[in-house]
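Below is one structure, written out as structure tokens; comments come after it.
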Amino acid sequence: MPFFDIGYFKKKINRKKITKTRNIKNKFLAWKLDKDYYDGYRQNGYGGFKYDARWKRLLPKLIKKYKLTKKSKILEIGCKKGFLLFDLNKLLPGIRFQGIENHQYPLKKANKKIKGKLYLKDYHNLKNYKKKEFDLVIAFNSIYMQNLGDTIKTISEIKRISKKSYISLASYEKKKDRDKFLDWTLLGTTILKKSEWKKIFKFIGYNGDYYFSDANKLGL
């Protein structure tokens, strides 16, 4: 089932610093997933991925929705530098959490207080986690950067290891909106119609929460 819109929470794009279209050089630099993408020029990625406590605005709603407590166990897939988990631990000190990321750079830059709970791992290879091990699994804007097969494997694994889950995925309704998204995105790979995502959910039995990001919600 769909859950809350995270669009309001995203950092406002400075149109003076970034156009709606990135070229192949920008995408090449972004796919290295290192300093250029996180802490380089905005056209190549985040333009400085720094902690600003923004997650504190969203987390109270998430905590209430999923009835999280200090005894809850959380996994974030695509945790980057761990800012969400850092703020979650501040709001619920002692909560059990882990984060995984499929590339090294952001993990090296994570806060020392949580770095030991962030791991380098492929999103679709979660065999070391037990069935229903986590009270909540979160994947914000990360798993659709994989190819379709690995994205399906990841969603299937999320279904297996979580009691509850929330994922966000790239979508479109009209071809022109898909083209806008593809011109803008640096890493987005698996972009499907909302109806197609829902069919995949049905095929694999995923019944967790989800959010569809698209060109309109991104203001493209």
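Things to note:
- In summary, D179 fulfils each of the numbered conditions (1) surrounded by 15 or more Cβ atoms within 10 Å (Cβ to Cβ); (2) over 14 Å from the mean Cα position of the chain (by Cα); (3) closer than 20 Å to T21 by Cβ with the single exception of condition (1).
- In segment 98-107, the residue that is nearest to K130 (Cα to Cα) out of those that are of a type outside the set (D, E, K, R) and not in a helix (DSSP H, G or I) is Q98.
- Whether a residue is modelled with pLDDT of 95 or more and either within 21 Å of N111 (Cβ to Cβ) or buried (at least 17 other Cβ atoms within 10 Å of the Cβ) (or both) was assessed, and L75 passes this test.
- Cβ-Cβ contacts under 6 Å between residues 6 or more apart (or on different chains), taken from a first residue in segment 111-139 that is closer than 20 Å to I152 by Cα and in contact (Cβ under 8 Å) with a residue 60 or more places away in the chain to a second residue that is of a type in the set (A, V, I, L, M) and outside any strand (DSSP E or B), are listed as E133/I161; F134/I161; V137/I158.
- Some residue of segment 88-97 being polar (S, T, N, Q) and either more than 16 Å from the chain's Cα centre (by Cα) or not in a strand (DSSP E or B) (or both): yes
- For segment 108-124, the set of residues classified as among the aliphatic types (A, V, I, L, M), surrounded by 15 or more Cβ atoms within 10 Å (Cβ to Cβ) and not in a loop (DSSP other than H, G, I, E, B) consists of L118 only.
- A Cβ distance below 7 Å, combined with a sequence gap of six or more or placement on separate chains, defines the contacts here; from segment 168-196, residues that are within 18 Å of Y211 (Cα to Cα) reach residues that are part of a helix (DSSP H, G or I) and β-branched (V, I, T) in the pairs T190/T151.
- Scanning segment 125-156 for residues that are buried (at least 21 other Cβ atoms within 10 Å of the Cβ) and part of a helix (DSSP H, G or I) turns up I143, Y144, T151, T154, I155.
- Unmet criterion (only one of (1) assigned to a strand (DSSP E or B); (2) surrounded by fewer than 16 Cβ atoms within 10 Å (Cβ to Cβ); (3) of a type outside the set (S, T, N, Q)) for L192: (2)
Listed here are the residues, each with its yes/no results for (1) under 22 Å from K27 (Cα atoms); (2) at pLDDT 95 or above; (3) of a type in the set (S, T, N, Q); (4) out of contact with any Gly (no Cβ under 6 Å at 6 or more places or on another chain).
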residue	(1), (2), (3), (4)
D179	yes, no, no, yes
W184	yes, no, no, yes
G188	yes, no, no, yes
I191	yes, yes, no, yes
S195	no, yes, yes, yes
K202	no, yes, no, yes
N207	no, yes, yes, yes
K217	yes, no, no, no
L220	yes, no, no, yes
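- Residues of segment 39-87 satisfying the condition of being of a type outside the set (F, W, Y), outside any loop (DSSP other than H, G, I, E, B) and touching a strand residue (DSSP E or B) at 6+ places or on another chain (Cβ under 8 Å): L62, K73, I74, L75, E76, I77, L84, L85
- Test set (1) in a loop (DSSP other than H, G, I, E, B); (2) over 19 Å from the mean Cα position of the chain (by Cα) - K202 fails condition number: (1)
The values are calculated or read from the model by the stated rules, or taken from the named source; none is laboratory data. Owing to the predicted nature of the structure, the values given are computational and were not obtained by experimental measurement. Positions of Cβ are generated from backbone atoms using ideal geometry, with glycine treated the same way; all protein chains shown enter the neighbour counts.
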